[in-house]
Every structure is written in C-alpha cells, then in structure tokens.
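Quick note: the coordinates plus some simple rules give every number you see, no bench work behind them. The model shown is predicted, which means the values in this text are computed figures rather than measured ones. Cβ: placed from backbone, ideal geometry, glycine included. Neighbour counts: every protein chain shown.
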Amino acid sequence: MTNEYRKAEGVNWSTLKAILESPLAYQHACVQKDDPTPAMVWGSLIHLHMLQSAEAIAAGAVRVPDEYLTASGSISTAKAAKEWLASLGDGVIAMTPAQQADVARVLESVMAHGDATEWLRTASTTEQPIYWTDAATGIACKGLPDARGGGLLLDVKTWAPRGKFSAEAFVRDAVQRGYFGQLGYYAAGLEANGERVQRMGWIVVQSAAPHDVMVLELDADAVDFAHREARSALDRLAEWRSEGCPDEGAAPGVTMVSLPRWMRTDHNATADDVGF
C-alpha cells in the first residue's frame, strides 16, 4: 500500500466494514493504529509473492541475515539485530528462512492448482488503487483490490481454519469478517470507473502446512449479498454523518438470547438445525 493511497481522501473497506458491527466499532476503526500481527505479516508476504513483480518482491521483503537469527531461526532481540530492522524501509518485511521456505511451498501449491493460476492470469491488474464517489450518498471511496481484469475480481485470502479446510467453513468465516461486502465494495468502485465485473471470488491459501489452495467463485445469490452488504455500510455511514454518529456498542441495553435451534426441546431437530 503506497503512501499516496493512505493519504488519499476516501473511506476504505477495512474501516467501513466496522459500521456494520456498531457505532463504537466504527469510531475505533477510524482511529486505531495497531501494529501488524504475525498473521497479517504472513498474509502480506503471500500477497507480495503472488501478486507482484520480482523487482517489487525484492524491494518489499528481505531475508534476515544469519547473524541476526537465533539458533531456533527467529529474529534475535540483540542490539545489532534491532538496528538492522530499524534500517529497513517503511513497509519492508524482514523474512526468516522458515518463512521463506513456507512462501515457496505456498507458491508451489498455487501453481499446482490450475484454476488458481488461470484466475491470476485473467485478473492481471494487481494491487492497483481505485477511487470513486458513491453516487447514492456522495461519499468519497477508495479501495485496493488484490487483482482484477477480464471481468474477474478476486481477492487472495490466507486462512487458518479452526477445523476443516473447506469451502463451507471459509464461507462462514467470510460472512463474519466482511469478505463478501469487501468484494461488493470493490465491484462498485470498479463499475464506477467503467470496469465491468462479471465474476468475483477468492483464492484461499491455507496458512499452515500443507498450504492447500481453494478457488471459490460467488454464485448469483452470493454476489447479490456482497453488493447488499457494501450498500448497507455506505448507507449507514451516510445516515450517521448526517445525524451524528452515536456512541453505542453492538448491544446497548439488555438483549434477550435464545438457545440454538439444535438445543431446543420445542421441535424435532433436523440436519439443518446445527447452528444458531
């Protein structure tokens, strides 16, 4: 992400999506300046190596010299290692030998997945910012889609499932994390810029070994949900900007809760009643 993009006017999805949770979550997202977590750094490494040129990779990730590594292969906390880290440019990732080997394994998995490589060839414009004004609300927007082109919009997701690495499990997480709305938001921005989006979805990379890969395309209902979630977020932001954003969290007052359907005794549970 360039400094130009960071400084540009407009709301991005990582901030906007919080408005779907609560006013408190949105206000926090507007001001938070958290350091990247290890999972975020790993995701950045995968995005860099999958989507960028050799020159950009060389500039964006540097292998940690052996003298700054511990016996276990992690980065030393000694003064010399800290000084070397401080000397790296803004946004440059210090990559350990273990991370370098894992990245190579991920790329092998991606290359072995024919549909993943086809999607990456089709969506050949990678990590280029888009800017637009939402016609319905007048809100200035910006986005940084992972890849698009040939009518295809895709995002690369590194994912650590809590259970099975499956499409069904990922979709459940995607709903909770706002991944559908993110695609809908980017699609709206591309179409506002005259780029037609005919297909959208994710290349999902398993964070841990064996670094499996899935290609997941949204069907018509899922595409509709993606657009509706993005629209809802923008409309809510417009409403709060006009009326003043309240301070409430996700559950002000007292909220009555019920047992999940499969625990209730007032009906016979079926195979579909295995959730809330």
Sorted by mean Cβ packing within 10 Å, highest first, what order do the peptides 21-29, 52-60 take?
21-29, 52-60
Using a Gaussian network model of the chain whose springs link C-alpha atoms within less than 10 Å, name the residue from PRO97, PRO161, PRO260 with the highest mean-square fluctuation.
PRO260
Within the chain, which whole H helices from DSSP have a Cα span along their axis of at least 24 Å and a mean Kyte-Doolittle hydropathy of -1.0 or more, if any?
220-243
Using label points projected 7 Å from each Cα along Cα→Cβ, tell me how many nm separate CYS245 and ARG63, to one decimal.
4.5 nm
Over the alpha-carbon set of the chain, work out the extent along each principal axis and list the three values in angstrom, largest first.
63, 48, 42
So which residue, out of TRP42, TRP159, TRP240, gets the largest mean-square fluctuation from a GNM of the chain using Cα contacts under 10 Å as springs?
TRP240
Sort CYS141, CYS245, CYS30 so the one with the fewest other Cβ atoms within 10 Å of its own Cβ comes first.
CYS30, CYS245, CYS141
Within a Gaussian network of the chain (alpha carbon springs, distance under 10 Å), most fluctuating of ALA230, ALA209, ALA71:
ALA71
Give LYS7/LYS82; LYS33/LYS79; LYS17/LYS79; LYS79/LYS157; LYS17/LYS82 a once-over and call out the pairs whose C-alpha atoms are over 32 Å from each other.
LYS17/LYS79; LYS79/LYS157; LYS17/LYS82
Where the centre of each part is set by its Cα atoms, how far does the stretch 105-136 sit from the stretch 19-68, in angstrom?
17 Å
Test of understanding: what is the full-extension gain from VAL41 to ALA167, defined as 0.36 nm times their sequence separation minus their Cα-Cα distance?
43.0 nm
Fewest-first sequence of LYS142, LYS164 by Cβ atoms within 10 Å of each Cβ:
LYS164, LYS142
What ranking do VAL171, VAL92, VAL204 get, fewest neighbouring Cβ atoms within 10 angstrom at the top?
VAL92, VAL171, VAL204
